[in-house]
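Let me begin by presenting the structure, written as structure tokens, before commenting on it.
The values are calculated or read from the model by the stated rules, or taken from the named source; none is laboratory data. Everything numeric here is computed off the predicted structure, so don't read it as measured data. So basically every Cβ, Gly included, is an ideal-geometry build from the backbone, and we count neighbours across all protein chains shown.
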Amino acid sequence: MRTKLVAGNWKMHGSLAENEALLRTLLESREASGAVRWVVCVPFPYLAQVQSLLSGSAVAWGAQNASEHAKGAFTGEVSVAMLGEFGCRYVIVGHSERRVLYREGDAQVAAKFKAVKDGGLTPILCVGESLAQREAGRTNEVVGEQLRAVLESAGNDALADAVLAYEPVWAIGTGRSASPGQAQEVHGWLREQVARAAGEDAAARLPILYGGSVKAANAAELFAQPDIDGGLIGGASLIVDDFLAICRAADQ
């Protein structure tokens, strides 16, 4: 039985005052919630604040990126070990904005995934296709290549104690979302690929999240699909009532 997970990706948003107000409301609501795991992935400068506010609570936190290197002359980069010192449990790896805006290729994403696993944290591995790739009928090919790069680098058992997230690039920040049927089709296909590589048990245990303009209005229908185990939430995670509604939808 897989536990549902809802992870908020704040992207490059936040302030000390805004963060505190949002997190305190989450904590008040979390006490009365169900078994769904709640996570917030925040900008690096706010990790100390989040650690202070959330330590000992049922809300976990993580980072939006990490270097594939353990240490060295990499100005501006942040290592997995550094994130661990701030209590991070999760790290987003291969988000579409990192792949598109910062040209992170499959090999680099795979190296980051392995670094996160080796550092004892849980990677949230993102895969997804562009609109042109979907319209060309290449969705499975593209997400399959992204997944295989990780499995070939880290081994077929790499997704144990990891999280996979399908986030179609064409639905990120556009207001468009894959229909529940479209999302389920890709999620089911991804689970089949994991089963072929790592076995049925590993595939059955793997949480696969959907990310791409998830809102309070469409969350319940998305999360009702058999292979959608929660969401990687962007803009809606910054609006506390919307994020809470999404978390509650995952609990039904």
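Residue count for region 170-182 satisfying the condition of being within 21 Å of V100 (Cα to Cα) and either in a loop (DSSP other than H, G, I, E, B) or at pLDDT 95 or above (or both): 7. Criterion first (in contact with a helix residue (DSSP H, G or I) (Cβ under 8 Å, 6 or more places away or on another chain), surrounded by fewer than 17 Cβ atoms within 10 Å (Cβ to Cβ), among the hydrophobic types (A, V, I, L, M, F, W, C) and not in a helix (DSSP H, G or I)) does A66 satisfy it? The answer is no for A66.
Among the candidates A217, A183, the residue that is free of Cβ contacts under 8 Å to residues at least 60 places away in the same chain and farther than 20 Å from E145 by Cα is uniquely A217.
Filtered by the rule that a residue be touching a helix residue (DSSP H, G or I) at 6+ places or on another chain (Cβ under 9 Å) and not in a helix (DSSP H, G or I), region 196-208 gives L206, I208. The residues on offer are E104, E141, E77, E97, and the sole one that is touching a residue at least 24 places away in the same chain (Cβ under 8 Å) and either assigned to a helix (DSSP H, G or I) or not aliphatic (A, V, I, L, M) (or both) is E97. Residues that are more than 29 Å from A236 (Cα to Cα), modelled with pLDDT of 95 or more, in a loop (DSSP other than H, G, I, E, B) and out of contact with any strand residue (DSSP E or B) (no Cβ under 9 Å at 6 or more places or on another chain) do not occur anywhere in region 157-169. Residues satisfying the criterion are absent from region 208-222 (criterion: surrounded by fewer than 16 Cβ atoms within 10 Å (Cβ to Cβ), closer than 18 Å to M1 by Cβ, hydrophobic (A, V, I, L, M, F, W, C) and over 18 Å from the mean Cα position of the chain (by Cα)). All conditions but one from (1) out of contact with any Pro (no Cβ under 7 Å at 6 or more places or on another chain); (2) surrounded by fewer than 23 Cβ atoms within 10 Å (Cβ to Cβ); (3) more than 16 Å from S67 (Cβ to Cβ) apply to A162; the one that does not is (1). Scanning region 117-140 for residues that are surrounded by 23 or more Cβ atoms within 10 Å (Cβ to Cβ) and of a type in the set (D, E) turns up just one, E129.
The set of residues in region 1-35 that are among the hydrophobic types (A, V, I, L, M, F, W, C), modelled with pLDDT of 95 or more and not in a helix (DSSP H, G or I) comprises L5, V6, A7, W10, M12. Might you let me know whether region 211-234 holds any residue that is more than 26 Å from L26 (Cα to Cα) and either touching a Ser or Thr at 6+ places or on another chain (Cβ under 9 Å) or part of a helix (DSSP H, G or I) (or both)? No: zero hits.
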